[in-house]
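Reviewing the structure listed below.
The values are calculated or read from the model by the stated rules, or taken from the named source; none is laboratory data. Please read these numbers as outputs of a predicted model, since none were measured by experiment. Cβ sites come from the backbone with ideal geometry, for glycine too, and all protein chains shown count toward neighbours. Keep in mind that these areas ignore ligands, DNA and RNA; they rest on the heavy atoms of the full protein, side chains included. Shrake-Rupley method; radii C 1.70, N 1.55, O 1.52, S 1.80 Å.
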Amino acid sequence: MVGLKTVQKALQAEVLAGAQYMDKEAEMACGADLMSDVLAFTKRKTLLLTGLANMQVVKTADVSDLSALVFVRGKEPTPEILAAAESKGLPVMMTKYTMFEACGRLYAIGLIGCPPKGAEERR
Amino acid sequence: MKVEYQVPGGDFDRAGEASANIKKLLQRIGIPADVIRRIAIGTYEGEMNCLIHAGGGRVVAEIEPEGTVIIISDQGPGIPDIQKAMQEGWSTAPDYVRAMGFGAGMGLPNMMKCSDDFNIQSKVGEGSTITMKFLYK
Ligand SMILES: Nc1ncnc2c1ncn2[C@@H]1O[C@H](COP(=O)(O)OP(=O)(O)O)[C@@H](O)[C@H]1O
Ligand SMILES: [Mg+2]
């Protein structure tokens, strides 16, 4: 478990939305551009790193109860995306690092990946 | 309690309204968060399928004391080979859908995994109906 502020520091990230929720923690992390994979393989309170900046990312984060979003490689989300995240209470960060670099930095400070099988699966 | 939502065909911006609203309703009546998560994920994938593959459809949620039933129906093209469609990774989604983060062929199998009971009925040229049951315990 790693605090979001620690994540922000490790990624030298800018907080773009949900600054008041940055006290939360991430239990694990997932790097993906495929939202169906996020929906299938994350657990609650997962931190999502993605290079995909569209509305589906926020919706996926909401239904999956993710802890926060990080847009990598300086991908800048639109104001609509940020407003949607804000209204869902979802912190959004942006880092200049690439996906590989960002994941590596977080792994190095103790954030673990999601197990290959989803958490709440019934079968 | 029974609620109903229309899923607009092809309109990615409005996709996910049903799952977001059902999630809020279930939170208000105090259903455990992990159960809500399964329901929201199953419903969201179903909505996306309606929107992407069937030109829109309908989501009905029957919220009962023991569990919730979600019925997602459309009058789209139907699914010719359900067994194939249920396989992880099998998809007919066009590239623009993949660019939006969907079309990985993980939706139907995940809907089955998230639910306690899963039923799919489909007829080519008539449409598809998916029924998912979720128990709170
Ligand atoms: N409502 C539907 N109407 C018609 N075809 C569908 C419907 N839902 C799913 N399918 C078919 O089943 C395939 C697998 O669906 P799914 O597992 O959700 O993956 P994806 O949506 O990523 O392609 C789809 O690519 C499509 O061919
Ligand atoms: Mg799908």
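Things worth noting here:
- Built amide H within the under 5 Å cut-off of A:Gly3, gap 5+: A:Ala26
- Taking a straight line from the alpha carbon of B:Lys123, these aspartates and glutamates sit under 14 Å away, with near neighbours fewer than eight places off in the same chain left out: B:Asp74, B:Asp81.
- Using θ = phi - 60° in the Karplus curve 6.51 cos²θ - 1.76 cosθ + 1.60, the 3J(HN,Hα) couplings for segment A:58-65 round to 5, 5, 5, 4, 5, 5, 8, 6 Hz; x is entered for Gly and Pro.
- Report summary: the helix-based calculation at 222 nm, which adds -39500 (n - 2.57) for every DSSP H run with n ≥ 4 and divides by the residues of chain B, gives -10500 deg cm²/dmol.
- Largest mean-square fluctuation among A:Gly31, A:Gly89, A:Gly104, in a Gaussian network model of chain A whose springs join Cα atoms under 10 Å apart, belongs to A:Gly104.
- Averaged over the residues of peptide B:28-38, the number of Cβ atoms from other protein chains lying within 10 Å of each residue's Cβ is 3.
- Highest-MSF residue in chain B out of B:Leu25, B:Leu108, B:Leu51 [GNM, Cα springs under 10 Å]: B:Leu25
- Per-residue ellipticity at 222 nm, computed for chain A from helices alone with -39500 (n - 2.57) per DSSP H run of at least four residues, works out to -9500 deg cm²/dmol.
- Phi-derived couplings, Karplus 6.51 cos²θ - 1.76 cosθ + 1.60 at θ = phi - 60°, listed residue by residue for segment A:89-104: x, 10, x, 10, 10, 10, 10, 6, 5, 6, 3, 4, 5, 5, 4, x Hz, with x used for Gly and Pro.
- Top of A:Phe100, A:Phe71, A:Phe41 by mean-square fluctuation, Gaussian network on chain A, Cα under 10 Å: A:Phe100
- The value of relative contact order for segment A:2-113, using C-alpha pairs under 8 Å at least six residues apart, is 34 percent.
- Taking amide H atoms as placed 1.01 Å from N in the peptide plane, the amide H of A:Ala17 lies under 5 Å from those of A:Val92, each 5 or more residues away in sequence or on another chain.
- A crude spin-label estimate for the pair B:Asp117 and B:Arg28, with each label 7 Å from Cα along the Cβ direction, gives 2.7 nm.
- All other residues whose Cβ lies under 15 angstrom from that of B:Asp74 are scored, Lys and Arg at +1 and Asp and Glu at -1, for a net of -3.
- Cross-link partners of B:Lys133 among lysines (Cα-Cα below 17 Å; sequence separation of 8 or more within a chain): B:Lys2, B:Lys23, B:Lys113
- For the protein assembly as shown, the fraction of 1.4 Å probe accessible surface lying on carbon and sulfur atoms is 52 percent.
- Ordering of B:95-102, B:117-124 by packing is B:95-102, B:117-124, highest average first (other Cβ atoms within 10 Å, averaged per residue).
- In this structure the amide hydrogen of B:Asp117, modeled in the peptide plane, comes within under 5 Å of the amide hydrogens of B:Lys133, none closer than 5 places in sequence on its chain.
- Look at the stretch B:44-54: the mean tally of other chain Cβ atoms within 10 Å of its residues' Cβ atoms is 2.
- By accessible area with a 1.4 Å probe, ligands and nucleic acids excluded, highest first: order of A:Asp23, B:Asp34: A:Asp23, B:Asp34
- Rough spin-label spacing in nm, given labels placed 7 Å along Cα→Cβ, for A:Lys5 and A:Ile112: 2.5
- Mean accessible surface per residue for the protein assembly as shown, computed with a 1.4 Å probe while every protein chain stays in place, in Å²: 45
- Take each residue in B:14-20, count the other chain C-beta atoms within 10 Å of its C-beta, and the mean is 3.
- Its relative contact order, with pairs defined as Cα atoms under 8 Å and 6+ residues apart, puts chain B at 27 percent.
- Occluded residues from segment A:1-50, i.e. those whose accessible area drops by 30 Å² or more once the chain is not alone (1.4 Å probe): A:Leu34, A:Ser36, A:Leu39, A:Ala40, A:Arg44
- Hz values of 3J(HN,Hα) by residue in segment B:86-91 - Karplus curve (6.51, -1.76, 1.60), Gly and Pro given as x: 7, 6, 4, x, 8, 8
- Association of chains A and B removes close to 2500 square angstrom of accessible area from solvent, both sides included, for a probe radius of 1.4 Å.
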